[in-house]
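*Asks:* Next up is a structure, given as structure tokens.
The values are calculated or read from the model by the stated rules, or taken from the named source; none is laboratory data. All values reported here derive from a predicted model rather than from experimental measurement. Note: ideal-geometry Cβ built from the backbone for every residue, glycine included; neighbour counts use all protein chains shown. Calculation scope for accessible area: heavy atoms of the full protein, side chains included, ligands and nucleic acids excluded. Shrake-Rupley method; radii C 1.70, N 1.55, O 1.52, S 1.80 Å.
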Amino acid sequence: MKFKNLGNSGLKVPVLSFGTATFGGTNEFFGKWGKTDVKGASRLIDISLERGVNFFDTANVYSQGDSESVLGEALKGRRQDAIISTKATFQVGDGVNDKGSSRFHLTKALEDSLTRLQTDYVDLFLMHGFDNTTPVEETLRTLDRMVSSGKVRYIGCSNLAAWQLMKSLSISEKSNLEKYIVYQGYYSLIGRDYEQELMPLLQDQNMGLMVWSPLGWGRLTGKIRRNKPMEEGRIKSGGDLGSPPVNDGLIFDVVDVLERIAVKNDRSIPQVAIAWLLHNPTVSNVIVGARNEKQLIDNLEAADLTLSEKDLEELDRVSKQPMIYPHWVGER
């Protein structure tokens, strides 16, 4: 397993981490992603640790806390071997203050997460989204105090627009507060929006990207093919609910190229899709998920796949998106 610094920090992490949104599956939305119980989670964590993956990503909103509970139980007795990231912002509970990035909500959210994870600290605490009803200063001062208390080692954010991230970084610098070290965002061969606004910002600010959904919400597993019935899996069971729309033609074109490169390299389609991401220098880490051992092992083996320049150019060409304004002006 290869290791990189996590964004703008000295923390070294494996280039792949294991995303645990499939743990629990105790509500309708996440149940379509997976329903891994403690026994199954323990086995998947064994496999991850054996292959050098000690980084586990979760969130309080995953199955309304049950993903954290399963992860905490599965890591019992080996917390010292693991790096854990979790998130807060989205609705957890029925109360009017059971969401957002206020001091009130984040303080309770962190304590609840620590209890479920059976730990007294998390290595990375991320804001899961942007709360436009709370002053950014309030959020950042709360996070700064969490780091000072020792309950949080590093902070990051996810799903923020570029201007929201830059505003947060500027306020942290001006007020001498802890800064976000890493951005967790969606990036895949069928979702390359990240490259236009966020990637130049992360390069400029020396941050890194943690990629979520590297297989495009399960559309790049090889189960969706041109002129073939869809195979059983997450997408067929309705697990793409809430995913960004993607033209079928783009999926088919990208999968055709992925399959050709996979066959040439004696690899799987998902491995090639993940390896393409790892060649991007702004990517610190790619979060891979799995419902079972076979999927996990296959995904983890992407870490040692080096694609040729020709392969990278072909994948870039087939998946390239039109530039949005004003970027197409500069490119032209």
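*Asks:* For segment 9-39, which residues satisfy the criterion of being polar (S, T, N, Q), assigned to a strand (DSSP E or B) and open to solvent by 10 Å² or more (accessible area, probe 1.4 Å)? Reasoning before the result, please.
*Replies:* Within segment 9-39, the subset polar (S, T, N, Q) is 9, 17, 20, 22, 26-27, 36.
Still in the list and also assigned to a strand (DSSP E or B): 17, 36.
Residue satisfying the conditions is Thr36 alone.
*Asks:* Right, another one. Could you list, in sequence order, all residues of segment 103-114 that are more than 15 Å from Ser149 (Cβ to Cβ) and over 23 Å from the mean Cα position of the chain (by Cα)? Steps first, please.
*Replies:* Going residue by residue through segment 103-114, those that are more than 15 Å from Ser149 (Cβ to Cβ) are 104-105, 112.
If the condition is that a residue be more than 15 Å from Ser149 (Cβ to Cβ) and over 23 Å from the mean Cα position of the chain (by Cα), then Phe104 is the only one that fits.
*Asks:* How do the pairs read when you match residues in segment 316-332 that are in contact (Cβ under 8 Å) with a residue 40 or more places away in the chain and under 27 Å from Val255 (Cα atoms) with residues anywhere that are open to solvent by less than 100 Å² (accessible area, probe 1.4 Å) and in a loop (DSSP other than H, G, I, E, B), using Cβ under 7 Å and keeping only pairs 6 or more apart or on different chains?
*Replies:* Within 7 Å, the pairs are Ser319/Leu189; Ser319/Ile190; Ser319/Arg192; Gln321/Arg192; Met323/Gln196; Ile324/Gln196.
*Asks:* Using the structure shown, decide if Arg192 is at negative phi, open to solvent by less than 30 Å² (accessible area, probe 1.4 Å), modelled with pLDDT under 95 and of a type in the set (Lys, Arg).
*Replies:* Working: at negative phi: yes; open to solvent by less than 30 Å² (accessible area, probe 1.4 Å): yes; modelled with pLDDT under 95: no; of a type in the set (Lys, Arg): yes.
The answer is no for Arg192.
*Asks:* Then there's this: Please go through (1) touching a strand residue (DSSP E or B) at 6+ places or on another chain (Cβ under 7 Å); (2) part of a helix (DSSP H, G or I); (3) among the aromatic types (Phe, Trp, Tyr) for Phe125 and return the number of the only condition it doesn't satisfy.
*Replies:* Every listed condition holds for Phe125 apart from (2).
*Asks:* Can you work out which of the residues in segment 137-181 that are without any contact (Cβ under 8 Å) to a residue 24 or more places away in the chain and not small (Gly, Ala, Ser) is farthest from Gly208 (Cα to Cα)?
*Replies:* The residue in question is Arg145.
One line per residue, one yes/no per condition, for (1) within 24 Å of Gly156 (Cβ to Cβ); (2) in contact with a Leu (Cβ under 6 Å, 6 or more places away or on another chain); (3) basic (Lys, Arg):
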{"position": "Lys32", "(1), (2), (3)": "no, no, yes"}
{"position": "Arg43", "(1), (2), (3)": "no, no, yes"}
{"position": "Asp46", "(1), (2), (3)": "no, no, no"}
{"position": "Gly52", "(1), (2), (3)": "yes, no, no"}
{"position": "Gly72", "(1), (2), (3)": "yes, yes, no"}
{"position": "Gly77", "(1), (2), (3)": "no, no, no"}
{"position": "Ile83", "(1), (2), (3)": "yes, no, no"}
{"position": "Lys87", "(1), (2), (3)": "yes, yes, yes"}
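*Asks:* May I ask you to verify whether Pro214 is modelled with pLDDT of 95 or more and open to solvent by less than 30 Å² (accessible area, probe 1.4 Å)? Walk me through how you get there before you give the answer.
*Replies:* On the way: modelled with pLDDT of 95 or more: yes; open to solvent by less than 30 Å² (accessible area, probe 1.4 Å): yes.
Yes; evaluated as a whole, the condition is true for this residue.
*Asks:* So if I check each of Val96, Val38, Val70, Val53, which one is aliphatic (A, V, I, L, M) and within 18 Å of Asn299 (Cβ to Cβ)?
*Replies:* On inspection, the qualifying residue turns out to be Val53.
*Asks:* Does Val263 qualify as being among the aliphatic types (A, V, I, L, M), open to solvent by 70 Å² or more (accessible area, probe 1.4 Å), farther than 18 Å from Leu209 by Cβ and in a helix (DSSP H, G or I)?
*Replies:* Details: among the aliphatic types (A, V, I, L, M): yes; open to solvent by 70 Å² or more (accessible area, probe 1.4 Å): yes; farther than 18 Å from Leu209 by Cβ: yes; in a helix (DSSP H, G or I): yes.
In short, yes.
*Asks:* Taking Glu137, is it touching a strand residue (DSSP E or B) at 6+ places or on another chain (Cβ under 9 Å), over 30 Å from Gln271 (Cβ atoms) and among the acidic types (Asp, Glu)?
*Replies:* The answer is no for Glu137.
*Asks:* Restricting to segment 68-98, what's the tally of residues that are of a type in the set (D, E, K, R), buried (at least 20 other Cβ atoms within 10 Å of the Cβ) and free of Cβ contacts under 8 Å to residues at least 60 places away in the same chain?
*Replies:* Keep residues of segment 68-98 that are of a type in the set (D, E, K, R), which gives 68, 73, 76, 78-79, 81, 87, 94, 98.
Filter once more, so that each one left must be buried (at least 20 other Cβ atoms within 10 Å of the Cβ): 68, 87.
Still in the running and free of Cβ contacts under 8 Å to residues at least 60 places away in the same chain: 68.
Summing the residues that are of a type in the set (D, E, K, R), buried (at least 20 other Cβ atoms within 10 Å of the Cβ) and free of Cβ contacts under 8 Å to residues at least 60 places away in the same chain in segment 68-98 gives 1.
*Asks:* For segment 292-315, indicate whether the set of residues that are over 26 Å from Gln196 (Cα atoms), open to solvent by less than 70 Å² (accessible area, probe 1.4 Å) and among the acidic types (Asp, Glu) is non-empty.
*Replies:* yes
*Asks:* Cβ contacts < 7 Å: first residue polar (S, T, N, Q), restricted to segment 182-204; second residue open to solvent by 20 Å² or more (accessible area, probe 1.4 Å) and part of a helix (DSSP H, G or I), any location; separation 6+ or different chain. Result?
*Replies:* Here the result reads Gln196/His327, each pair linking segment 182-204 to a residue that is open to solvent by 20 Å² or more (accessible area, probe 1.4 Å) and part of a helix (DSSP H, G or I).
*Asks:* How about segment 99-117: which of its residues are open to solvent by 80 Å² or more (accessible area, probe 1.4 Å) and either over 26 Å from Val211 (Cα atoms) or in a helix (DSSP H, G or I) (or both)? Give the steps one after another, and end with the answer.
*Replies:* At the first step, the residues of segment 99-117 found to be open to solvent by 80 Å² or more (accessible area, probe 1.4 Å) are 99, 103-104, 108, 115.
Passing the criteria: Arg103, Phe104, Lys108, Thr115.
*Asks:* In addition: Please pick out the residue among Thr221, Thr306 that is out of contact with any Gly (no Cβ under 9 Å at 6 or more places or on another chain), of a type in the set (Ser, Thr, Tyr) and either within 25 Å of Lys32 (Cα to Cα) or at pLDDT 90 or above (or both).
*Replies:* Working: Thr221 fails: out of contact with any Gly (no Cβ under 9 Å at 6 or more places or on another chain).
The conditions single out Thr306.
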